[in-house]
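The values are calculated or read from the model by the stated rules, or taken from the named source; none is laboratory data. Fair warning: this is a prediction, and the values are worked out from it, not measured in the lab. As a convention, Cβ positions derive from the backbone with ideal geometry for all residues, glycine included, and neighbour counts pool all protein chains shown.
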Amino acid sequence: MALPLRLADHAVFDSFVSAGNEALVATLNDLATGDAGPGCWLWGAAAVGKTHLLQAVCDRAGDLSVYVPLRRLVDAGPDILHGLESRNLICLDDIETVAGKPDWEGALFELCNQVFDANRNMIVAAAMSPRECPITLPDLQSRLLRLPIFKIHPLGDRERVMALQLRARHRGLDLPDETANYLLSRSRRDMASLYGLLDKLDLEALRAKRRLTIPFVKEVMKHL
């Protein structure tokens, strides 16, 4: 069964600020080019970049990889995992959403065995470490504990500004330091919210043919 999924065009390594997570990003780059194995488990709070990194790996690895957003596909059932073992690199996002479901855990256990036996790679993302993940099948947890574990560290304010400017440049925008700092002080500070706000400002700037100055941002934010 083909997965009708597209990677976000912004989710690439070049648009990710790796400050504090350099070892993880280096490992993921190696996995994407086939220079390491057997994969890894990455975890962290919401909006720290787990999905971004998984999609960046798949973007770098190309057609021999697959990104599987389990949160979106849980209702489709575990049959969607059939055949994925043929890919060199499998990225499973939000694995905790299927933990505790016997049919899913059984299918994941079979997939892990096939992937590891074939010396292929698997990257798993979750909101918690593998020992904290509510997996009930001991053999599955044992297989996943073989993976190197990385916790994603959230960005500080300086790095958040850098990330906003990097995302803006990726979209062809100029985001001055003063405007970026203004956004940081006037909105929710998680990167998902900041990126969402930047996307809206980009659209409004295109419509108005304006630059992202503080007066323009103030004007737009009054109506959001």
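If His223 passes every condition in (1) of a type outside the set (Asp, Glu); (2) within 23 Å of the chain's Cα centre (by Cα); (3) exposed (fewer than 15 other Cβ atoms within 10 Å of the Cβ) but one, which one does it miss?
The number of the failed condition is (2).
Just the residues that are polar (S, T, N, Q), within 24 Å of Leu155 (Cα to Cα) and surrounded by fewer than 22 Cβ atoms within 10 Å (Cβ to Cβ), please, taken from the stretch 31-76. Explain how you work it out, then say what you get.
Step one: of the stretch 31-76, the residues polar (S, T, N, Q) are 33, 51, 55, 65.
Next cut, within 24 Å of Leu155 (Cα to Cα) only: 51, 55.
Within the stretch 31-76, Thr51 is the sole residue that qualifies.
Residues checked against (1) within 18 Å of Leu73 (Cα to Cα); (2) touching a Gly at 6+ places or on another chain (Cβ under 6 Å); (3) not assigned by TED's automatic domain parsing to the domain that holds Leu212:
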{"position": "Glu85", "(1), (2), (3)": "yes, no, yes"}
{"position": "Ala107", "(1), (2), (3)": "yes, no, yes"}
{"position": "Val115", "(1), (2), (3)": "no, no, yes"}
{"position": "Ile123", "(1), (2), (3)": "yes, yes, yes"}
{"position": "Pro130", "(1), (2), (3)": "no, no, yes"}
{"position": "Leu137", "(1), (2), (3)": "no, no, yes"}
{"position": "Ser142", "(1), (2), (3)": "no, no, yes"}
{"position": "Leu164", "(1), (2), (3)": "no, no, no"}
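Listed here are the residues, each with its yes/no results for (1) touching a residue at least 24 places away in the same chain (Cβ under 8 Å); (2) part of a loop (DSSP other than H, G, I, E, B).
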{"position": "Leu92", "(1), (2)": "yes, no"}
{"position": "Gly106", "(1), (2)": "yes, no"}
{"position": "Phe116", "(1), (2)": "yes, no"}
{"position": "Ala125", "(1), (2)": "yes, no"}
{"position": "Cys133", "(1), (2)": "yes, yes"}
{"position": "Phe150", "(1), (2)": "yes, no"}
{"position": "Val161", "(1), (2)": "no, no"}
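Specify which of the listed residues (Arg60, Arg71) is outside the structural domain of Asp199 (by TED's automatic domain parsing), in contact with a Leu (Cβ under 9 Å, 6 or more places away or on another chain) and in a helix (DSSP H, G or I). Let's see the steps before the verdict.
Working: Arg71 fails: in contact with a Leu (Cβ under 9 Å, 6 or more places away or on another chain).
Arg60 is the lone residue from the list that is outside the structural domain of Asp199 (by TED's automatic domain parsing), in contact with a Leu (Cβ under 9 Å, 6 or more places away or on another chain) and in a helix (DSSP H, G or I).
From the list Ala26, Ala19, which one is small (Gly, Ala, Ser), outside any helix (DSSP H, G or I), outside the structural domain of Leu164 (by TED's automatic domain parsing) and under 28 Å from Leu198 (Cα atoms)?
Details: Ala26 fails: outside any helix (DSSP H, G or I).
Being small (Gly, Ala, Ser), outside any helix (DSSP H, G or I), outside the structural domain of Leu164 (by TED's automatic domain parsing) and under 28 Å from Leu198 (Cα atoms) holds for just one of Ala26, Ala19, which is Ala19.
Enumerate the pairs (first residue in the stretch 204-219 and surrounded by 14 or more Cβ atoms within 10 Å (Cβ to Cβ); second residue anywhere and among the charged types (D, E, K, R)) with beta-carbon separation below 6 Å, excluding pairs fewer than 6 apart on the same chain, so at least 6 apart or on different chains.
Phe216/Arg210
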